[in-house]
Amino acid sequence: MASINKRILPSGKPQWRVSYADANGQRKRPGFPSWTAADEFRKKVEAELREGTHRPDARKMTVAETCDAFLNYCDGRMRRNERMTRKTLINYSGHVANYIKPKVGGHKLAQLPPSAVNEFRDAIRDDGVGVVTARKILATLSAVLNYAKGKDWVGANSADGVKVIGSRNEGAKKIRPPSKSDLKAVLTMADADLCLKVMFAAFTGLRASEQWALKWRNLDLPSGAVVVEERIDSYGEEGGTKSAAGDREVPLSDLLVQEIRKHRLASKFGKDDDYVFANAKGRHICHDNLMKRHYKPLLNEANISGVNWHSLRHFAISTWIEQGLQPKTIQTYAGHSSLAVTMDRYGHLFPSEDHKTAMDAIAGELLG
């Protein structure tokens, strides 16, 4: 139990001190300018002690200080290659500098209950931040508070359960892969180098970061397969795939194997540890440069829209569905973390004659 005692400061002003022992048995005696403030704190600390959520550092540490500590922690993880990319760290830093610190950086951790996080969310949305970006910013704040929880600075993550609400029809749009005629037009107009890159993406369904990370040792051309085990980011830093399911083996068509063999024979960079799709200096392909200098101008020239690079992955998966591959197989080849992800994104593409037959029967009974 906590108690309140009045004392007179050297200045002659009164102060009310709340005396209590924290979870570690250490005596704490914070002071307050009024009995009311002291009593409010007493009630709060007694409730936190009962629930096991009291953290005295929460009254000292600001959100800004916690963010700085979190970013230092992330920087260390990046340098130790502990599943932290430079791109992720830069995104975290941007969210902290541009949104979190200006809005709630001066708050003590103890002054950031779920209601304050909700107010922060509403404030950035009122400032014009889009739904997707707001969710990413909130995820960064949640990561900061999880770090603080792990350091025992707070007893709970006050951002847990706080959501950014989208529009009523959010998520209603289904994935629509490019048409075969559009993709054929792209392949026809592309030069040989770009054509192979597009073919590989459209036939294997690899993410761009996975495709540009491929080394020749990842290709088993005699068996006709590509082994995916790494990805590369826009800063040229290699790391593991997006999830454990990202490590996979995807079969290659005979036609694609033939084109890859020709490519290796013509390439100056054909050693096992060289990139399959290397630039003129033997380094990895810069995806942004490829899009800006080659792929987008080609689409403009062909007057084709709706065929961005990631849609080539959608095309590959749609053709696997069209050819009757089982959903679990498609999940494996796509590198999705679960079958639910595959079905949520592509379930509408799976044909179902049973459903059509059922609809015909219903219509026949009513109208026939």
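Of the helices (runs of 4 or more DSSP H) lying entirely inside region 261-356, those carrying at least 2 residues that are on the phi < 0 side of the Ramachandran plot and touching a strand residue (DSSP E or B) at 6+ places or on another chain (Cβ under 9 Å) are 327-334. Looking at region 50-71, is at least one residue in contact with a Ser or Thr (Cβ under 7 Å, 6 or more places away or on another chain), assigned by TED's automatic domain parsing to the domain that holds Lys108 and at pLDDT 90 or above? There is at least one residue in region 50-71 that is in contact with a Ser or Thr (Cβ under 7 Å, 6 or more places away or on another chain), assigned by TED's automatic domain parsing to the domain that holds Lys108 and at pLDDT 90 or above.
If you check Ala202 against the conditions, is it of a type in the set (Gly, Ala, Ser), touching a Leu at 6+ places or on another chain (Cβ under 9 Å) and at pLDDT 95 or above? So Ala202 passes the test.
Taking residues in region 146-158 that are over 13 Å from Asp22 (Cα atoms) and touching a residue at least 24 places away in the same chain (Cβ under 8 Å), and partners anywhere that are surrounded by 18 or more Cβ atoms within 10 Å (Cβ to Cβ) and among the hydroxyl-bearing types (Ser, Thr, Tyr), the pairs with Cβ atoms closer than 6 Å and at least 6 places apart or on different chains are Ala148/Thr66.
In region 94-110, which residues are under 21 Å from Trp153 (Cα atoms) and either part of a helix (DSSP H, G or I) or among the charged types (D, E, K, R) (or both)? Correct list: Val96, Ile100, Lys101, Lys103, Val104, Lys108, Leu109, Ala110. For region 75-86, filtered to residues that are within 17 Å of Gly240 (Cα to Cα) and part of a helix (DSSP H, G or I), the residue that is modelled with the highest pLDDT is Arg77. Give region 224-281 a look and list any residue that's among the aromatic types (Phe, Trp, Tyr) and at pLDDT 95 or above, or say none. Those that are among the aromatic types (Phe, Trp, Tyr) and at pLDDT 95 or above: Phe269, Tyr275, Phe277.
Determine the pairs where a residue that is basic (Lys, Arg), located within region 15-34, has a partner that is exposed (fewer than 14 other Cβ atoms within 10 Å of the Cβ) and in a loop (DSSP other than H, G, I, E, B) with Cβ atoms under 9 Å apart, the partner being 6 or more residues away or on another chain. From region 15-34, the pairs are Arg17/Arg29. Residues in region 113-136 that are assigned to a loop (DSSP other than H, G, I, E, B) and among the β-branched types (Val, Ile, Thr): Val129 alone. Would you check if Arg313 is surrounded by 12 or more Cβ atoms within 10 Å (Cβ to Cβ), touching a Lys or Arg at 6+ places or on another chain (Cβ under 7 Å), touching a residue at least 24 places away in the same chain (Cβ under 8 Å) and among the charged types (D, E, K, R)? It is true that Arg313 is surrounded by 12 or more Cβ atoms within 10 Å (Cβ to Cβ), touching a Lys or Arg at 6+ places or on another chain (Cβ under 7 Å), touching a residue at least 24 places away in the same chain (Cβ under 8 Å) and among the charged types (D, E, K, R). Within region 211-235, the set of residues being free of Cβ contacts under 8 Å to residues at least 60 places away in the same chain and among the acidic types (Asp, Glu) comprises Asp220, Glu229, Glu230.
Residue pairs whose Cβ atoms lie under 7 Å apart, separated by 6 or more positions or on different chains, with the first residue in region 178-196 and under 23 Å from Arg264 (Cα atoms) and the second outside any helix (DSSP H, G or I) and at pLDDT below 95, are Val186/Ile304; Val186/Val307.
Residues in region 252-272 that are without any contact (Cβ under 8 Å) to a residue 40 or more places away in the chain and not charged (D, E, K, R): Leu255, Val257, Gln258, Leu265, Ala266, Ser267, Phe269. Scoring Gly12 on the criteria (1) out of contact with any Pro (no Cβ under 7 Å at 6 or more places or on another chain); (2) in a strand (DSSP E or B); (3) of a type outside the set (Val, Ile, Thr) leaves a single failure, condition (2).
The values are calculated or read from the model by the stated rules, or taken from the named source; none is laboratory data. Bear in mind that the values here come from a model prediction, so they are computed numbers and not experimental data. Note: ideal-geometry Cβ built from the backbone for every residue, glycine included; neighbour counts use all protein chains shown.
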